[in-house]
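The values are calculated or read from the model by the stated rules, or taken from the named source; none is laboratory data. These numbers were taken from a predicted model, which means no experiment stands behind them. Here the Cβ positions follow ideal geometry from the backbone for every residue, glycine too, while neighbour counts run over all protein chains shown. The protein model used for the area step is the full one, side chains on, heavy atoms only, and it has no ligands, DNA or RNA in it. Shrake-Rupley method; radii C 1.70, N 1.55, O 1.52, S 1.80 Å.
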Amino acid sequence: MRPHRNSIKIGFSILLFLYSIVCLAKISPPSIPVADRTDAVTFSFQKDSPTDLYIWKNVSGGKGSINSTPQPIDDYNYYGRMSWACTSDSTFGSCPTTVEWNSDSITIIALTFTEIKTGIKKILILRGRNYKAAYDNSQTSESLAMRNAASNNLVFAQSLLDIHISKQELNTIPIGGIWKATLVINQWRWDPTFKVATWTAHITLNVVDRKNIQIYLPNYNTASPTVDLKLRNMPSAPNNPILSGNVNIEACLYDGYNAQSSRYDITMSDPNSKDEKFYITKKARDPNPKLSNTIPYQVWVSTPGAPSIASKKVLSNEPFSFTDVAQSTPKSVTLPNVPNPVYCTPWLINLKTANITQKNQAPGRYQGSLHFKFTPASSSL
């Protein structure tokens with residue numbers, strides 16, 4: 001009987017041991033080492049409707065583990081007292097460069113962004129916070145300043161960094177384009193105080209000014225100008241005059257992104273045309289069936305790769321695309337409602353009227369409309 005009792009005791013003790021291992025595994029989250037880190041943050045948005053941008057959102061500055069050394073009580077004093085401070089002026093982020101035990105609930109960081117095409121600079125304000133948290137983030141302190149090392153609560157054994165740019169601040173960016181900045185901050189431990197890591201964020205803002213996307217016509221004061229087709233007499237018999245016309249319109253395609261779109265989609269149309277052609281029409285129709293009340297004309301345009309030559313024929317209501325935008329030499333222009341000079345893609349529009357016999361046309365004033373639809377790839381960012 002005794003051997004039987006002994007085997008039961010041994011089996012029971014093994015089960016207890018296994019159960020303790022399972023419980024320990026459940027309450028021991030993995031450790032996070034303190035280390036340098038470099039992150040690339042890219043954010044694309046429409047200039048008139050940004051959202052808050054987080055560079056780091058509650059990212060741990062390190063934590064220990066109950067199974068590791070040091071033991072938890074040291075983790076509270078070490079990981080729970082981490083803080084962050086700036087390294088320089090606004091080039092890499094301007095804020096206090098030292099840490100402290102007590103401070104405000106938020107750190108203001110001034111960081112210089114540069115638009116890569118124009119070189120325009122803009123200082124944006126970032127907001128940094130330092131939250132103290134439990135091992136598993138189940139409990140978190142109130143917001144502390146980024147450089148605040150304070151952690152008196154033994155529940156808090158790690159420090160979480162939060163740095164963001166508010167949507168209101170992003171809305172102050174003056175023009176669309178690609179804006180870049182690099183934020184560099186140091187991580188510190190408290191008492192004794194020494195630097196333990198450097199955090200770097202390479203930030204890219206793809207900003208599209210969709211409200212100002214347009215086909216800019218520098219020689220006109222309006223986006224809906226009246227253009228003369230310049231019909232002129234051609235050499236012909238005196239009793240059979242021939243008319244022809246040829247007019248160039250200088251334009252510039254502004255994509256709201258400083259001519260940095262990968263693709264331009266364009267549609268040109270004649271609202272009064274029932275086919276692929278373009279027409280001007282006599283306003284008061286002549287009832288004489290032998291006379292024509294319309295004059296057809298052709299539309300030719302240049303490509304970004306060759307902006308001074310109208311080499312592409314356009315058909316009404318037939319979309320076409322340009323993917324060679326990067327081959328163009330952008331032009332700096334000043335646009336209404338845009339506070340700084342921006343870049344657009346030069347574009348030539350040629351309206352060409354083939355030879356027509358004047359005696360076959362109804363006399364009078366002819367008018368027509370040419371509509372443009374310009375959709376750069378940037379509009380969908």
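Conditions (1) of a type in the set (A, V, I, L, M); (2) in a strand (DSSP E or B), marked per residue:
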| site | (1), (2) |
| --- | --- |
| 184 | yes, yes |
| 202 | no, yes |
| 211 | no, no |
| 218 | no, no |
| 222 | no, no |
| 225 | no, no |
| 230 | no, no |
| 233 | no, yes |
| 236 | no, no |
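Given 96, 174, which one is touching a Cys at 6+ places or on another chain (Cβ under 7 Å) and in a loop (DSSP other than H, G, I, E, B)?
That would be 96, the only listed residue that is touching a Cys at 6+ places or on another chain (Cβ under 7 Å) and in a loop (DSSP other than H, G, I, E, B).
So for region 249-261 (the condition being more than 30 Å from residue 340 (Cα to Cα), modelled with pLDDT of 95 or more and within 31 Å of the chain's Cα centre (by Cα)), does at least one residue qualify?
Looking for residues that are more than 30 Å from residue 340 (Cα to Cα), modelled with pLDDT of 95 or more and within 31 Å of the chain's Cα centre (by Cα), one finds none in region 249-261, hence no.
Out of (1) open to solvent by 40 Å² or more (accessible area, probe 1.4 Å); (2) under 26 Å from residue 259 (Cβ atoms); (3) among the aliphatic types (A, V, I, L, M), what's the single condition that is false for residue 310?
Against the list (1) open to solvent by 40 Å² or more (accessible area, probe 1.4 Å); (2) under 26 Å from residue 259 (Cβ atoms); (3) among the aliphatic types (A, V, I, L, M), residue 310 comes up short only on (1).
Which members of region 109-124 meet the condition of being in a strand (DSSP E or B) and not acidic (Asp, Glu)?
The answer is 109, 110, 111, 112, 113, 114, 121, 122, 123, 124.
Just to check your reading of the model, which residue among 127, 189, 147 is more than 26 Å from residue 337 (Cα to Cα) and in contact with a His (Cβ under 8 Å, 6 or more places away or on another chain)?
Details: 189 fails: in contact with a His (Cβ under 8 Å, 6 or more places away or on another chain); 147 fails: in contact with a His (Cβ under 8 Å, 6 or more places away or on another chain).
Matching residue, one of 127, 189, 147: 127.
What pairs can you find where one residue is in region 29-48 and in contact (Cβ under 8 Å) with a residue 24 or more places away in the chain, the other is among the acidic types (Asp, Glu), and their Cβ atoms are less than 6 Å apart, with a gap of 6+ or different chains?
29/136; 47/209
Among the numbered conditions (1) open to solvent by less than 10 Å² (accessible area, probe 1.4 Å); (2) modelled with pLDDT of 95 or more; (3) of a type outside the set (Gly, Ala, Ser), tell me where residue 188 comes up short.
(1)
Only one of (1) touching a residue at least 40 places away in the same chain (Cβ under 8 Å); (2) in contact with a Phe, Trp or Tyr (Cβ under 7 Å, 6 or more places away or on another chain); (3) open to solvent by 10 Å² or more (accessible area, probe 1.4 Å) is not met by residue 131, so which one is it?
Going through (1) touching a residue at least 40 places away in the same chain (Cβ under 8 Å); (2) in contact with a Phe, Trp or Tyr (Cβ under 7 Å, 6 or more places away or on another chain); (3) open to solvent by 10 Å² or more (accessible area, probe 1.4 Å) one by one, residue 131 breaks only (2).
If you scan region 315-332, which residues turn out to be in contact with a Pro (Cβ under 6 Å, 6 or more places away or on another chain) and not in a helix (DSSP H, G or I)?
Result: 322, 324, 328, 331, 332.
Answer yes if at least one residue in region 217-232 is more than 21 Å from residue 111 (Cβ to Cβ) and in contact with a Pro (Cβ under 7 Å, 6 or more places away or on another chain), and no otherwise. I'd like the intermediate steps shown before the answer.
Of region 217-232, the ones more than 21 Å from residue 111 (Cβ to Cβ) are 217-232.
So of that shortlist, the ones also in contact with a Pro (Cβ under 7 Å, 6 or more places away or on another chain) come out as 217.
Among the residues of region 217-232, at least one is more than 21 Å from residue 111 (Cβ to Cβ) and in contact with a Pro (Cβ under 7 Å, 6 or more places away or on another chain), which makes the answer yes.
For region 168-185, name all the residues that are closer than 17 Å to residue 128 by Cβ and either free of Cβ contacts under 8 Å to residues at least 40 places away in the same chain or open to solvent by 20 Å² or more (accessible area, probe 1.4 Å) (or both).
Narrowing region 168-185 to residues closer than 17 Å to residue 128 by Cβ: 168-170, 181-185.
Correct list: 168, 169, 182, 184.
Check region 253-263 and report whether any residue there is among the hydrophobic types (A, V, I, L, M, F, W, C), open to solvent by less than 30 Å² (accessible area, probe 1.4 Å), part of a loop (DSSP other than H, G, I, E, B) and under 30 Å from residue 205 (Cβ atoms).
Checked against the condition, which is being among the hydrophobic types (A, V, I, L, M, F, W, C), open to solvent by less than 30 Å² (accessible area, probe 1.4 Å), part of a loop (DSSP other than H, G, I, E, B) and under 30 Å from residue 205 (Cβ atoms), region 253-263 yields at least one hit.
Name the residue that is nearest to residue 181 (Cα to Cα), counting only residues in region 93-111 that are crowded, with 17+ Cβ neighbours inside 10 Å and modelled with pLDDT of 95 or more. Show your work before the answer.
Going through region 93-111, the residues crowded, with 17+ Cβ neighbours inside 10 Å turn out to be 93-95, 99, 103, 107, 109, 111.
With modelled with pLDDT of 95 or more added as a condition, the list becomes 93-95, 107, 109, 111.
On the way: 93: 9, 94: 13, 95: 16, 107: 18, 109: 13, 111: 7 Å.
Ranking the candidates gives 111 first.
Cβ contacts < 6 Å: first residue surrounded by 15 or more Cβ atoms within 10 Å (Cβ to Cβ), restricted to region 191-203; second residue of a type in the set (Lys, Arg), any location; separation 6+ or different chain. Result?
Short answer, once both residue conditions are applied: 196/189; 199/37.
Counting only residues that are of a type in the set (D, E, K, R) and open to solvent by 40 Å² or more (accessible area, probe 1.4 Å), which one in region 69-92 is nearest to the chain's Cα centre (by Cα)?
Applying the filter and picking the extreme gives 89.
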